[in-house]
Structure formats: C-alpha cells, structure tokens
C-alpha cells in the first residue's frame, strides 16, 4: 500500500465511529438523511439561501454590502432597469448598458446557438460515416471544449491582434489590416466565432452519440427501399435524433444566455458596449464599477433567473422523457 | 445504396466523392481546431524581438549574436551594399546613422558603414527563457499551486459529498426522499451567474473572501454529480447491501467499502467534470479573490493580459502552461472522457 492510499483509508475510517453511533440511535430511514445532509447543507447555503438574499438585495438600495444597512426601496431597482422610452432603442433606457446587454445577448444567442448546432449536426453526421480515424477526429473537435475560457480567449486575441497572423495573411494578399476587436461588428462576429470554436465539440459529441444509438437496421431498411438520401435524412435520421437535438438545443441556449468568460477576456465587452452581455452587466454593476450597486445587480440576476428557469424546466422535461 | 453526406453508410469500400468530401471536411476542421493552438505554442517560443516581426515568421527567429570576449555579446549583421558587401559582421555600436562593425575573425579593425547598408542575420532559436522567466520574474508557482489546490481539494470533496448524497437517495427509503432529490435537481436552475452578489455576501460573512476555500466550498455540491451517481447506484443490486448487513458491517463501511468501489465508472466521469470545471473556473474566483497572491491561473492570465500588453512572450508561455495539464489528462483519458460525456450528456 502506498502512503497515499493508507492516508485515504485512515481518513475514510474517521466517520466510522460517529456513524455507528448514529446507526444505533436512528431508524434505518433517518440514516438516509445523514448521508444526504452534507450535500444538502452546501446547496442550502450557496444556492437556496442566496436566492432569498438576491430578492432582498433587489428590493433594497444603497451601496452597502451588509443587508442590515440597506434601505428598502421597493421595486425601484426593477423599474430602473426596465423603464425605457423606446424598447428598441437601448440608448433611450435609463439603464442603457443593461438594455444593450439584453439585445446583444439575444443577438448572440440566435447566431451562436443556431450556427453552432448546425455545424455540430453536420460534423456529427460526417463522423457517423465510415471514417478513417474517427476516434482521432472526434477527439480533435472535442479538445477545445476542455480548455479554460481565458486560454481560449488569449489564443484568439493573439491571432486577431493588429500585428497578428490573420492580418499578416491579409497583408500577403494585399488587403489592408483590420482592427478585428476594435470594430463593433467584427468584435461581435469574433465573439460568436470563438465561442462556437470552443464549444461545438461538446454538442457534436452528444449528437454523434444520438446518431450511433439509431439501430443499423433502420438505415438498412431504408436503403433497401432505395430512399433518396435527403429524404432518408429528413424522414428517418432527423426524427430519430429529435430528442437529442432538443436536449442539445436547450443546453446550448442555457449556456449562451449566460455567456461571459471568453468574450469578457477577448473584448472586455467592447468596443463600447458592442459585446457586453447580461452576465457582464451583472458583474460590472455589482463588482467592477466604482460604485457597487448590489441592488441593481441582484435585480438583473433575478430577471436572468426567470429566463433560465423556463429553459431548465424544458430541459428537465426532456431529460425525464429521455430517461 | 445512395451515397450521401446525410446518411450513414455501411458495408461500402469503394470511395466516392462524398467520402472525399467528408474526409476533407474533417481535415479542415482539425486544422481549424489545432492550428490556433499550434500557433500559440510556436509563438510562445519566440523572443520579444521575434514576436515583434511583421509579418510573423512561422518558426521562432531571433537575431544571431556572436561572443566577442570582453566586448560581450554582439549582434550580427550582413552588409547589403558598398564595401564589405555580403560579409557577416558584428555590430559594436551605432552613432547616429553610422554603424560601427567588426569582423569577428579580425576584431581589431573597426568598419564603419551607414546603418541602412546592413540587415540583421536571423537564426532559429526557441526562447525557453519565456518559460523560465515565469518562475523567476512572476509569482507563477503560486498561481499554479492555487489552481492545483482548488482543483484537487474541490474534486475530492465533490466526489465525497455527492456520492454520499447519491447513496442516501438511492439506497435508503425515507420520507422526503423524492422532494429532496427534486430540490437538488432544482439547483440546476441556480447557476453561479445569478447568485454572485449573495454568495459574495455569504463568503464575506464566513471570512472566505481572498481564500482558496471561498472558491472550493460553493462548488462542492453539484446537481449533475448527484444525478449521475444516483442513477448509477440505482443499478447496483440491493442484495449486496443486505449481505453486508448480515455480516454486521456498519452503514458507513457499506458505503465506502462496497458502494463507492462499485461506482468507480460514474465517479471517474464526475471527477473528470470536476477537474475541468475547477481548473477553468473564472467568474466566481474573480469575484471572491481580489488579492493577487490568491489568484488562480485564469485570473493571473486575465490580469496580465490587461497589464502586460507589451510582454506577450510571458503571457503566451503562461497560457501554454495553463493548457498543458488539461491536455495531458485528455491525451491519456481521451476515450473515457468522450464516452463519459456522451453518456452523461452534461457539461
């Protein structure tokens, strides 16, 4: 036995005596609670209690962190966030950055999830063919998923900087260099691109697993009937893959709505507010601005929570159907 | 059978154009996935002068030097026009537009040439000092240790706490079991992004700000882990437990001597997830850790990219070192990771 496993054995034996004691006192049923308790306690402290505190912060104002020092302001934080002269013009809103964040996030979700799932589906379909070295290709597409978002952002920042390799490629064909991350539209484009680059391998993997779960006989029956390929895909593959596509769609939406890490490091939310998303607004308002407006940040968190609540309910429904 | 990109093919051996298209697509994908990472790796080996070259070179280049005794290291130039054209000379100094050069073989004669009449001699050299500098000039080991400590401790605690809960939920009948399970799943709806402010308050009250434990504790209970492990433990036969009880084993012993070892495959999947989550985590650590001596690697990288825009050589090397551990783990466990994630369907 190595010292490490010995240590592990000793540590894991520590609860033996108290547990035996509890076992003698409690009926079998209660013992279940003992095992569940630590996990439940952490959830209570860092998930459930915080939601209540979120509500408290959202209803109080000022810049104090301590709840007892915060004056009650009613729905002021919410109205401050939500009041706009014209809802399609973020600049007309009292909290214009928040609304820029909402519109940017919406735009991001539509482009990122739409493009990423299409690409993942195509890649999964290609990988599901007779491919030489399928394991290698599958791993290659998946590898960036494991990388830290900060690493991903720096890899691309290095490529996209003004004297970077992409501009060098442009220069070699005589094109003028572009400040990729200082132009609003390009910065948004690269935010979408980089987040797809980093995450599509995950969705490809799930869809490929779904494709491989379709029994071979189904495809063989169709090919016996000489079904045209596109019809085969539309009438057989796609419907059978639907449950997986739904799961992947909801997962993708949940993650895209909360996008922060990669884009924050890549663009800092800029130029201006061009790539500022909802979570960055929450972070900025609560922690990065000179004046920390916890109430506003909490109110924005709760609004985001409602969106996630809806999406997660759809996901759980899908999971239950899948299981 | 009609060939198509859109359908699975079985039993064909002759390649048609769709096979070529499929493989070309995948190869292009591999280039797009690995190209940027390879470029990062190559760039991290370039010296500061090599990084400033535009257009950038593929391999790490820097100006060649020659050791000229008491005159120290001199940079080498090639004379491009006029006297001594084509000769490789070492530069002593530059005065105005005049360059004073010497021939390394005859260092006693000083040759004066206009600065414009020479060009630097470049050579390939890996600038490993980018990496060694991380240790000598930055608090790099500290960041590495912080990240490693959080990842290892949080993963061990996650495995312990989640497997205990999963054991309780799958192997005991008690009132409130179903509600508790649903409650735990419900935390899926409370991701860290929406409880930043309250968790910051709680961490402050518990004295966890600027402490690595402030990153560890909130992450220890995971709905994904409980779900994954519970589903797995449900498949383990209850007879095992009954038999152990007959032998008068305590419930704790049953848990960690029988159920835990049998749950190894599910634990491995959760361990992989946990390592990935904790090593890469960014937003919550950024909120709870503000002093640089408790920074994790992602936090250090983020703050350096703001400060050291001119020191890309160190930034790139640090980025490489950050991605190495995850890459090594992936290279070794590639098959298990992809299969585990495909079966769990979570991230």
The residue from A:265, A:250, A:279 that alone is touching a residue at least 60 places away in the same chain (Cβ under 8 Å), assigned to a helix (DSSP H, G or I) and either on the phi > 0 side of the Ramachandran plot or within 9 Å of chain B (Cβ to nearest Cβ) (or both) is A:265
Of the conditions (1) at the interface with chain B (Cβ under 8 Å from one of its Cβ atoms); (2) surrounded by fewer than 19 Cβ atoms within 10 Å (Cβ to Cβ); (3) at pLDDT 90 or above; (4) within 26 Å of residue A:295 (Cα to Cα), residue A:47 fails just one. Which one is it?
-> (2)
Among helices (runs of 4 or more DSSP H) lying entirely in the stretch A:72-163, which contain 2 or more residues that are buried (at least 19 other Cβ atoms within 10 Å of the Cβ) and within 8 Å of chain B (Cβ to nearest Cβ)?
-> A:96-127, A:134-142, A:149-160
Apart from one, (1) under 19 Å from residue B:165 (Cα atoms); (2) not in a helix (DSSP H, G or I) all hold for residue A:65; the odd one out is (1)
Within the set of pairs 6 or more residues apart or between chains, which connect a residue that is at positive phi inside the stretch A:59-79 to a residue that is loosely packed, with under 13 Cβ neighbours inside 10 Å and in a loop (DSSP other than H, G, I, E, B) with Cβ atoms less than 7 Å apart?
-> A:62/A:71
Any residue at all in the stretch A:197-206 that is free of Cβ contacts under 8 Å to residues at least 40 places away in the same chain, at the interface with chain B (Cβ under 7 Å from one of its Cβ atoms) and more than 30 Å from residue B:57 (Cα to Cα)?
-> no
Within the stretch A:219-241, is there a residue that is in the same structural domain as residue A:114 (by TED's automatic domain parsing), in a helix (DSSP H, G or I) and within 20 Å of residue A:113 (Cβ to Cβ)?
-> yes
Condition test on residue B:270, is it crowded, with 23+ Cβ neighbours inside 10 Å and away from chain A (no Cβ under 12 Å)?
-> yes
Taking the stretch A:97-128 and keeping only residues that are free of Cβ contacts under 8 Å to residues at least 12 places away in the same chain and under 21 Å from residue A:80 (Cβ atoms), one is left with A:106
When you scan the stretch A:213-235, how many residues do you find that are closer than 15 Å to residue A:128 by Cα, more than 9 Å from chain B (Cβ to nearest Cβ) and under 34 Å from the mean Cα position of the chain (by Cα)?
-> 2
The stretch B:54-82: number of residues that are in a loop (DSSP other than H, G, I, E, B) and either in contact with a helix residue (DSSP H, G or I) (Cβ under 9 Å, 6 or more places away or on another chain) or modelled with pLDDT under 75 (or both) | 11
Would you check which residues across the stretch A:166-195 are in a helix (DSSP H, G or I), surrounded by fewer than 20 Cβ atoms within 10 Å (Cβ to Cβ) and touching a helix residue (DSSP H, G or I) at 6+ places or on another chain (Cβ under 7 Å) and list them?
-> A:166
Filtered residues of the stretch B:161-184 (kept if within 30 Å of the chain's Cα centre (by Cα) and either more than 8 Å from every other protein chain (Cβ to nearest Cβ) or surrounded by fewer than 17 Cβ atoms within 10 Å (Cβ to Cβ) (or both)) = B:163
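The values are calculated or read from the model by the stated rules, or taken from the named source; none is laboratory data. If you're wondering where the values come from, they're calculated on a predicted model, not measured in any experiment. In this analysis, Cβ positions are derived from the backbone assuming ideal geometry, glycine residues included, and neighbour counts consider all displayed protein chains.
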